[in-house]
Amino acid sequence: MDLKLDHHTQDDTEIVIVEGEIDVYTAPRLRELLIDLVNKGNFHLVVNMEKVEFLDSTGLGVLVGGLKRVRAHDGTLDLVCTQERILKIFRITGLTKVFGIYESVQEAIDKRKSK
Amino acid sequence: MAIVQLTISALPAHVRTARLMATAVARRAGIAESALDEVRLAVGEACSRAVEAHRVYCPEQPIQLKLIDSAGPPGASSARGRTVPSRVNGGDPGRFQVVISDRAPAKEPSDGAPFEPFPVDPDLAHLEMGSITPPGGVSGMSPDVGLAVIVGLADEVNIEPKTDGTVVTMSWPLNRGGSDDEAAAAG
């Protein structure tokens, strides 16, 4: 399926819900959303990837780009993902050391606030 | 040996088409279910890389995919033609092979050094996200990242960068056991 994006605020954190496939065709839409959120002053983001069906290095690039943008404002970008097929590409590229990857949105929020 | 060939324009939307076709053919060939995701992702990475390179150098030129089910009696693939690069799998039958050929000029990445998993620097200083896509790069990320993913996913891989294009050959072992049901499911 195509990419479906949604977002809402929860506990001072902007939750981005991604559904579908993130690839070279759809990734620009996610990038635009992340840039827009940061430009509007949202510096703590959680990207919920539980409904992502496909992710390639283009998608990884967009997520890393988002991370760089929020870090420039001392912000955070954490991920929620429990799907092994998606986690695999993070492991292959070593990006598990770069992103905080959690099993639920609440866990991601709680972890950030406890730091 | 059975071959499915696909030619796509260098458009991002067609990368998904290539992924879907490669996955369907792999499933029909008898690839283990656990490896189908690897095929899908590796083909997507290779096609994304090729599309980005074509968009820089030769947007009008097509990209070619060859999906090869090389199952059969020993020596069948070499006896029937040269469509299966023997150096990739040694002419060993019983493999599913994907050959993706682009026509964008390329150079040997990293001076011919083998691809290593993406080096991670927590400060992200080496990542140029959000910048203009470099020639052969994928949306601002180094093209080596996509190739590193391919190397990490494919059971065997051979990347031949030449001045007139790059040929990425990937293969996985076939698992004929139980493939009939899976092939039927692929429809």
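The values are calculated or read from the model by the stated rules, or taken from the named source; none is laboratory data. Quick caveat, the model's predicted, so the values are computed rather than measured. Cβ: placed from backbone, ideal geometry, glycine included. Neighbour counts: every protein chain shown. Accessible surface areas use protein heavy atoms only, side chains included; no ligands, DNA or RNA. Shrake-Rupley method; radii C 1.70, N 1.55, O 1.52, S 1.80 Å.
Looking only at region B:141-187, filter to residues that are open to solvent by 40 Å² or more (accessible area, probe 1.4 Å) and of a type in the set (Val, Ile, Thr); which one of those is modelled with the highest pLDDT? Filtering region B:141-187 for residues that are open to solvent by 40 Å² or more (accessible area, probe 1.4 Å) and of a type in the set (Val, Ile, Thr), the one modelled with the highest pLDDT comes out as B:Val157. Test A:Thr26 against the criterion of being more than 13 Å from the chain's Cα centre (by Cα) and either more than 24 Å from A:Gln106 (Cβ to Cβ) or surrounded by 21 or more Cβ atoms within 10 Å (Cβ to Cβ) (or both), and give yes or no. Yes. With respect to the conditions (1) of a type in the set (Ser, Thr, Tyr); (2) closer than 22 Å to B:Gly44 by Cβ; (3) in a strand (DSSP E or B), A:Thr58 falls short on a single one, namely (3).
Residue-wise test of (1) in a strand (DSSP E or B); (2) in contact (Cβ under 8 Å) with a residue 24 or more places away in the chain; (3) within 11 Å of chain B (Cβ to nearest Cβ); (4) surrounded by fewer than 20 Cβ atoms within 10 Å (Cβ to Cβ).
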residue: A:Gly20; (1), (2), (3), (4): yes, yes, yes, yes
residue: A:Val47; (1), (2), (3), (4): yes, yes, no, no
residue: A:Glu50; (1), (2), (3), (4): yes, yes, no, yes
residue: A:Glu53; (1), (2), (3), (4): yes, yes, yes, yes
residue: A:Lys68; (1), (2), (3), (4): no, no, yes, yes
residue: A:Ile86; (1), (2), (3), (4): no, yes, yes, no
residue: A:Ile92; (1), (2), (3), (4): no, no, yes, no
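Taken over region B:37-74, the residue count meeting the criterion of being part of a loop (DSSP other than H, G, I, E, B), open to solvent by 10 Å² or more (accessible area, probe 1.4 Å) and farther than 24 Å from B:Lys162 by Cα is 4.
Restricting to region A:6-16, name every residue that is open to solvent by 50 Å² or more (accessible area, probe 1.4 Å) and touching a strand residue (DSSP E or B) at 6+ places or on another chain (Cβ under 6 Å).
Of region A:6-16, the ones open to solvent by 50 Å² or more (accessible area, probe 1.4 Å) are A:6-12.
If the condition is that a residue be open to solvent by 50 Å² or more (accessible area, probe 1.4 Å) and touching a strand residue (DSSP E or B) at 6+ places or on another chain (Cβ under 6 Å), then A:Asp6, A:His7, A:His8 are the ones that fit.
Hey, among the residues in region A:94-115 that are charged (D, E, K, R) and away from chain B (no Cβ under 14 Å), which one's farthest from A:Gly41 (Cα to Cα)? Out of the qualifying residues, it is A:Glu103. Number of residues in region A:13-29 that are aliphatic (A, V, I, L, M) and over 13 Å from A:Asp56 (Cβ atoms): the value is 4.
Every listed requirement among (1) surrounded by fewer than 20 Cβ atoms within 10 Å (Cβ to Cβ); (2) within 12 Å of chain A (Cβ to nearest Cβ); (3) more than 14 Å from the chain's Cα centre (by Cα); (4) at pLDDT 95 or above is met by B:Ser34 save one, (4).
So in region B:1-31, with the set limited to residues that are part of a loop (DSSP other than H, G, I, E, B) and touching a Leu at 6+ places or on another chain (Cβ under 7 Å), which one is surrounded by the most Cβ atoms within 10 Å (Cβ to Cβ)? Ranking the qualifying residues of region B:1-31, first place goes to B:Ile31.
Going by the conditions given, is A:Gly41 part of a loop (DSSP other than H, G, I, E, B) and either open to solvent by 10 Å² or more (accessible area, probe 1.4 Å) or not hydrophobic (A, V, I, L, M, F, W, C) (or both)? For A:Gly41, the condition - part of a loop (DSSP other than H, G, I, E, B) and either open to solvent by 10 Å² or more (accessible area, probe 1.4 Å) or not hydrophobic (A, V, I, L, M, F, W, C) (or both) - is met. Kindly indicate whether B:Leu41 is within 18 Å of B:Gly146 (Cβ to Cβ) and in contact (Cβ under 8 Å) with a residue 40 or more places away in the chain. Answer is yes for this residue.
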